[in-house]
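Novice: Structure below; questions to follow.
Laboratory data are not the source of any read-out in this text; all were calculated from the coordinates shown. These figures come from a predicted structure and were not determined experimentally. As a convention, Cβ positions derive from the backbone with ideal geometry for all residues, glycine included, and neighbour counts pool all protein chains shown.
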């Protein structure tokens, strides 16, 4: 098969709509459960209402949390939209509301960044453009939309691509010295899992950490291709269940394992999903054979606009995880290009920071108590991530600009444009603390952005 024929088959060949509909239902249910869980556990209050300062993403400084009523209203909108997505009622409005509300919340504070939150935003974005309500939905049952039996293949394959990309880049990122030849950070983490039933005793041995490290890398790299092969798909899915169940037991990584277990059902055949829909329709007495209206006829046609945007999306998703290549230095140390690259549980860093406000005239400096501005989790994340360090330094500068400080001797010092420095020590993989950034650099004069951060010191061994 030539490339052009393969591309045509990937994008516009006729595929059953059943996998897309099942995915819509499961996605809505997962989002409903996870959103309610977030509220019940008090994380909404803890992460978005109690903090007084938030680390925004560069270019999204306009994103701010609402007051307590606004945030609960926003999460209420998420719950309502998730329900409507699940049942397929006012689907286009519901998925649009979910995407924008969910993404807005994730942009409020990058302290809370998780790979699976990013994954959910991307999946919701894809679903914006797909007719996932054209079967087994309230919209279709009430006649708001006409039933479809078939859709262009890209409706199914783009979701498969996104899921497979998560696994593949997660595996690719594990092909590094720390993971493969030091079994880091697993060699440190597994020793705290000796209380696990049946396998707890094995966690104390270095050999176990190496088995998990190499096994994890092989699993992530191979599982997308195994799931694409119908001969080995069932065996592959069993491994998916075992792998994610084990990681959910051993590590506090939230709903991500269950999101991936459910999402990978997308790789199963159309016949499998059609059986699921058949039983679901029987459960709700929605028998499509009783409908008087014929389903919409599938017309295979090549849409150049669709091809362009699908290609652009795929290229963007491949390039974003690779952007770290444009930066020099140890990625795990500098973390430039680390986010949005599907690097899951690869790093163990801890740090300690002291920020200072300097008076240029007297040469005196004042130590800043970071706990007055940040919550413990924010402070923990900030001290090891340079872009957050710089952003916090700018916040301190803004707080002290054009202010008067009363010193111990009673003199008043007027600060017009204060100098901000930081003395930060960071430990990578528990190998001892080292000075992280140049403590003489005036951080208040450095612009935020995507440029190489030359004020990060090298990780000298």
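Novice: Normalised by the number of residues in the stretch 1-138, what is the relative contact order in percent for Cα pairs under 8 Å and 6+ residues apart?
Specialist: 31 percent
Novice: Based on the alpha-carbon gyration tensor of the stretch 8-119 and its eigenvalue square roots a ≥ b ≥ c, which shape applies: rounded if a/c is under 1.5, prolate if not and a/b is larger than b/c, or oblate?
Specialist: It comes out prolate by the Cα gyration axes.
Novice: While we're looking at this one, here's another question. At 0.36 nm per residue, and after removing the present C-alpha to C-alpha distance, how many nm does the segment from residue 195 to residue 180 gain when stretched out fully?
Specialist: 2.9 nm
Novice: Taking neighbour Cβ counts within 10 Å as the exposure measure, how do 179, 43 sort from fewest upward?
Specialist: 43, 179
Novice: What is the helix-to-structure angle for 68-87, meaning the angle in degrees between its Cα long axis and the longest Cα principal axis of the chain, kept from 0 to 90 and rounded to the nearest 10?
Specialist: Roughly 20 degrees, rounded to the nearest 10.
Novice: When a footprinting reagent is the concern and you count Cβ atoms within 10 Å, what order do 110, 365, 304 take, fewest first?
Specialist: Sorted ascending by nearby Cβ count, the order is 304, 365, 110.
Novice: Given the rule -39500 (n - 2.57) for each run of at least 4 DSSP H residues, summed and divided by the residues of the chain, what is its mean residue ellipticity at 222 nm, to the nearest 500 deg cm²/dmol?
Specialist: -15500 deg cm²/dmol
Novice: Please state the shape class of the stretch 320-384: rounded when a/c is under 1.5, otherwise prolate if a/b exceeds b/c and oblate if not, all from the C-alpha gyration tensor.
Specialist: In terms of gyration-tensor shape, prolate.
Novice: Alpha carbon centre of the stretch 331-376 versus the stretch 105-171: separation in Å?
Specialist: 35 Å
Novice: Which ordering of 61, 109 is given by a fewest-first count of other beta-carbon atoms within 10 Å?
Specialist: 61, 109
Novice: I'd like the orientation of helix 3-12 relative to the chain: the angle between its Cα long axis and the longest Cα principal axis, in ° from 0 to 90, rounded to 10.
Specialist: Once rounded, one gets 80 degrees.
Novice: Label residue 234 and residue 66 with points 7 Å out from Cα along Cα→Cβ: what is the distance between them in nm?
Specialist: Computed distance between label sites residue 234 and residue 66 equals 4.9 nm.
Novice: At residue 430 and residue 246, where each label point lies 7 Å from the Cα along Cα→Cβ, what is the point-to-point distance in nanometres?
Specialist: For the pair residue 430/residue 246, the computed spacing is 2.0 nm.
Novice: Now for a different question. If you line up the long axis of helix 206-228 against the longest principal axis of the chain, both from Cα atoms, how many degrees apart are they, to the nearest 10?
Specialist: 40 degrees
Novice: From Cα pairs below 8 angstrom and at least 6 apart in sequence, can you work out the relative contact order of the stretch 3-324, rounded to a whole percent?
Specialist: 24 percent
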